[in-house]
Structures are given as structure tokens and as C-alpha cells.
Amino acid sequence: MTGESKRSGKGYKDGLNIGQVSELTGVSRRMLRHWEREGLISPIRSQSNYRQYMQEDVARLERIVIYREIGFNARQIKAVLNYTTPRALDELLGERLRIEEKVQLLRKAADRLDRLIALTEGKSGNDSAAAKNNRENQYFSEAHERWGSSRQWLEYAERKASRSEQEQKKDMARLRDVESKLAQAKRKGLAPTSDEVLKQIDEHRQALSWFHVTPSMHVIMGRMYMADARFRRHYEQLEPGLAQWMLTAIESAADANGIDPATAKWE
């Protein structure tokens with residue numbers, strides 16, 4: 001915006017046309033027309049029906065630009081320009097509060113985005129010396145090395161970044177509960193191909209909440225439970241022979257969903 005010296009120059013006697021005002025104020029012609037439609041400015045019309053902006057119009061435009069740069073919408077700008085100072089101050093304070101609320105939301109979004117980026121890159125977010133040696137961090141590193149380039153890894157990072165620690169603990173508790181029920185089913189002597197067990201196996205698949213696990217992917221994971229000594233030990237501690245029993249159930253469930261376990265793929 002130019003200074004008072006230009007505003008008081010030649011041309012105001014008969015008014016300025018829209019091009020002159022646009023050049024003077026830095027506001028585009030399109031925006032000047034839009035503000036006119038919104039009732040923020042009201043230039044007079046010449047006999048030829050051309051807009052004519054007088055000095056008071058340009059002064060009002062300067063005020064409009066100030067509030068627009070702050071982020072006020074047309075309704076707010078119109079209100080403030082027409083209010084007395086005390087009422088305008090109420091509007092300003094209210095907008096300041098709304099901006100602060102937006103800032104807090106943006107900070108939370110930025111924190112979540114940082115967390116998502118770190119997880120996607122294979123950083124667990126726990127950099128302490130003790131954490132680098134713990135089992136959870138080891139599993140995380142191995143999982144990223146194996147699946148870091150897959151679509152499921154991004155989905156895992158999205159879910160982990162968006163869920164609180166309490167929610168993640170709840171997810172894990174749900175999985176442990178399903179595993180306990182499967183161990184009890186085997187202990188009772190239920191066949192891994194029985195309807196009751198197949199229902200529990202489907203619950204197990206859905207309880208793997210890190211990403212969407214299809215029946216075909218579940219087969220791959222079931223085989224990993226057998227192949228990886230750590231997973232196999234975990235299930236053996238719940239019930240001897242549970243890992244193999246679960247794999248049979250998982251393959252039966254896949255077959256019931258029209259998937260040949262022999263050709264199961266990581267989708």
C-alpha cells in the first residue's frame with residue numbers, strides 16, 4: 001500500500017478507476033469486484049457506469065487489507081469497520097482466541113506428522129540407550145527392514161502415530177485376550193478346523209490392528225509364528241503346540257474364504 005502522499009495526489013477529484021486503485025493498493029481487480037459484491041466497498045458509478053473510487057474508498061480499502069492479512073473473513077471485516085472501538089475490540093479478542101485454538105490444533109498436527117514421518121523412516125521415536133537394546137525396539141527394527149517399503153508399513157505408521165499410548169495398550173490387551181481364548185480352545189481339545197475355532201481365528205486376524213490383515217496375509221503371518229523362534233516360544237508358553245495348531249486353523253480359515261493356503265500372498 002502506498003502512502004498518504006499518493007492518495008492525496010491528482011485524480012481523486014473525479015475519482016480513480018479500478019485499474020488505478022488496483023495498482024495503488026496492490027489489490028487485484030477481481031478482489032476489488034468481490035469485495036464490492038460482499039458490501040465491503042461501494043464505489044460510485046460514473047455516467048458511463050464505470051467505477052469511481054474516491055479518497056475515502058481507498059482509505060477504507062487500506063483498512064480492509066489490514067484485516068484480510070490478519071485472516072478475517074468478509075463478514076468480520078464488515079463488522080469491525082462498522083463497529084465502535086469497544087465492539088471492534090471484542091471482535092478482535094474473539095478472533096485472537098480462535099487463532100490460538102487453530103495454532104494449538106496445528107501444533108498437534110505437526111507433532112503427529114513428525115511421529116508419522118519418524119515411524120515411516122523406521123525410527124521408533126525412543127532414542128535412549130536402554131531402549132535401543134530392548135526387545136520391542138529390536139522387533140521394530142527387524143520389521144522395518146523386512147516390510148519398510150510395503151504399503152502395510154505406511155498403514156502401520158499411520159495407525160501408530162494416530163493412537164495414544166493408552167489406546168495402543170488396549171489394542172495389545174485385545175490381542176492377548178484372543179490368544180488366551182485360542183490357547184484355552186486347544187487345551188479343551190477343540191479341532192483347529194472347527195467352526196468355533198475358525199471364528200476365534202478370525203477374531204485373531206482382526207485383533208492384529210497394526211494394519212489391515214487379509215486372510216491371505218494371515219497365512220503368511222501364521223507361518224512366521226512357526227518359523228521365528230521368538231514367536232513360536234511365545235505361543236508355546238501359552239499352550240504347547242499352539243503355534244502349529246493356530247497355523248492349521250489360519251490356513252483352514254483362508255481356505256473357507258476361497259484362498260488356497262499354498263498360494264497365499266502378502267497382499
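Structure notes:
- Placing unit charges on the Cβ atoms only, positive for Lys and Arg and negative for Asp and Glu, gives region 161-267 a dipole magnitude near 360 debye about its Cα centre.
- Couplings for region 68-81, taken from phi via the Karplus curve 6.51 cos²θ - 1.76 cosθ + 1.60 with θ = phi - 60°, read 5, 5, 5, x, 5, 8, 4, 4, 5, 4, 4, 5, 4, 5 Hz in order; Gly and Pro are left as x.
- Centre separation in Å (Cα based) which lies between region 164-181 and region 183-202: 20 Å
- Summing Cβ point charges (Lys, Arg +1; Asp, Glu -1) relative to the Cα centre of the chain gives a dipole of roughly 900 debye.
- By the Stokes-Einstein formula, at 1.567 mPa s and 4 °C, the chain with its Kirkwood radius over alpha-carbon pairs has D equal to 52 µm²/s.
- Take every pair of alpha-carbon atoms less than 8 Å apart whose residues are at least six positions apart; their mean separation over the length of the chain yields a relative contact order of 11 percent.
- Lys-Lys pairs in region 120-263 that are eight or more residues apart or on separate chains and whose Cα atoms lie under 25 Å of each other come to 17.
- At full extension, Ser162 and Arg30 could sit 43.4 nm farther apart than now, given 0.36 nm per residue minus the alpha carbon distance.
- Equivalent ellipsoid dimensions for region 120-263 as semi-axes, Å, which come from the Cα gyration tensor, largest first: 27, 17, 15
- Surrounding net charge for Tyr67, when Lys and Arg each add one and Asp and Glu each subtract one, Cβ distance under 15 Å: +2
- Approximate spin-label separation Ala59-Ser150, in nm, with each point projected 7 Å along Cα-to-Cβ: 7.0 nm
- Among Glu101, Glu38, Glu165, the residue with the largest mean-square fluctuation in a Gaussian network model of the chain, with springs joining Cα atoms closer than 10 Å, is Glu38.
- Proximal charge balance of Ser216 [Cβ under 10 Å; K/R count +1, D/E count -1]: -1
All of the numbers you see were taken from the coordinates with simple rules; none came from a lab. What you are looking at is a predicted structure, and each value in this text was computed from that prediction instead of being measured. All Cβ positions, even for glycine, are placed from backbone atoms using ideal geometry, and neighbour counts span all protein chains on display.
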